[in-house]
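FYI, it's all coordinate maths here, none of it is from the lab. Since the structure is predicted, the reported quantities are computational estimates derived from the model, not experimental observations. Cβ sites come from the backbone with ideal geometry, for glycine too, and all protein chains shown count toward neighbours.
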Amino acid sequence: MASPYVSELSDATFDSEVLKSSVPYLVDFWAPWCGPCRMVAPIIEELAQEYAGKLKVGKLNVDDHQQMAARYGVASIPTIMLFKDGQLVERIVGALPKPMLKEVIDRHIA
């Protein structure tokens, strides 16, 4: 999943990457076996490119990094969360179309 726009997050890097980010951070909680996660993946990549410089984007594999999934109560995937100033400000469960995701992002980007 090598992408210059989307970071691979882990339990170890989550706090330093996401919570200490100076710009809003969109996190996609996903797993490789999840069909809806694979459907939303290209949309996440497009959003990361479109909002480059205004928004950071990362993916957290819930199979490999269960600590963060548990901390944020991720019960079903995909779950997409938007963090701003170290706080969770939006939680989206399920694969939403790109215009709806953009609407959520635009509410939090200055």
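A quick yes/no check of all residues on (1) surrounded by fewer than 13 Cβ atoms within 10 Å (Cβ to Cβ); (2) not aliphatic (A, V, I, L, M):
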residue	(1), (2)
Met39	yes, no
Ile44	no, no
Ala48	no, no
Tyr72	no, yes
Ala75	yes, no
Thr79	no, yes
Gly86	yes, yes
Val93	no, no
Ile105	no, no
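Taking the stretch 19-37, which residues are over 18 Å from Gln67 (Cβ atoms), among the hydroxyl-bearing types (Ser, Thr, Tyr) and surrounded by 15 or more Cβ atoms within 10 Å (Cβ to Cβ)?
Going residue by residue through the stretch 19-37, those that are over 18 Å from Gln67 (Cβ atoms) are 21-24, 26, 32-37.
Now drop any that are not among the hydroxyl-bearing types (Ser, Thr, Tyr), which leaves 21-22.
Listed by number, the list holds a single entry, Ser21.
Does the stretch 5-18 contain at least one residue that is of a type in the set (Val, Ile, Thr), surrounded by 12 or more Cβ atoms within 10 Å (Cβ to Cβ) and without any contact (Cβ under 8 Å) to a residue 12 or more places away in the chain?
Our first condition is that a residue be of a type in the set (Val, Ile, Thr); within the stretch 5-18, this holds for 6, 13, 18.
Next, from what is left, pick out any that are surrounded by 12 or more Cβ atoms within 10 Å (Cβ to Cβ): 6, 13, 18.
Those left that are additionally without any contact (Cβ under 8 Å) to a residue 12 or more places away in the chain: 13.
There is at least one residue in the stretch 5-18 that is of a type in the set (Val, Ile, Thr), surrounded by 12 or more Cβ atoms within 10 Å (Cβ to Cβ) and without any contact (Cβ under 8 Å) to a residue 12 or more places away in the chain.
Specify the residue that is farthest from Arg38 (Cα to Cα); the eligible residues are those in the stretch 56-93 that are in contact (Cβ under 8 Å) with a residue 40 or more places away in the chain and in contact with a Ser or Thr (Cβ under 6 Å, 6 or more places away or on another chain).
Step by step, filter the stretch 56-93, then rank; the result is Lys56.
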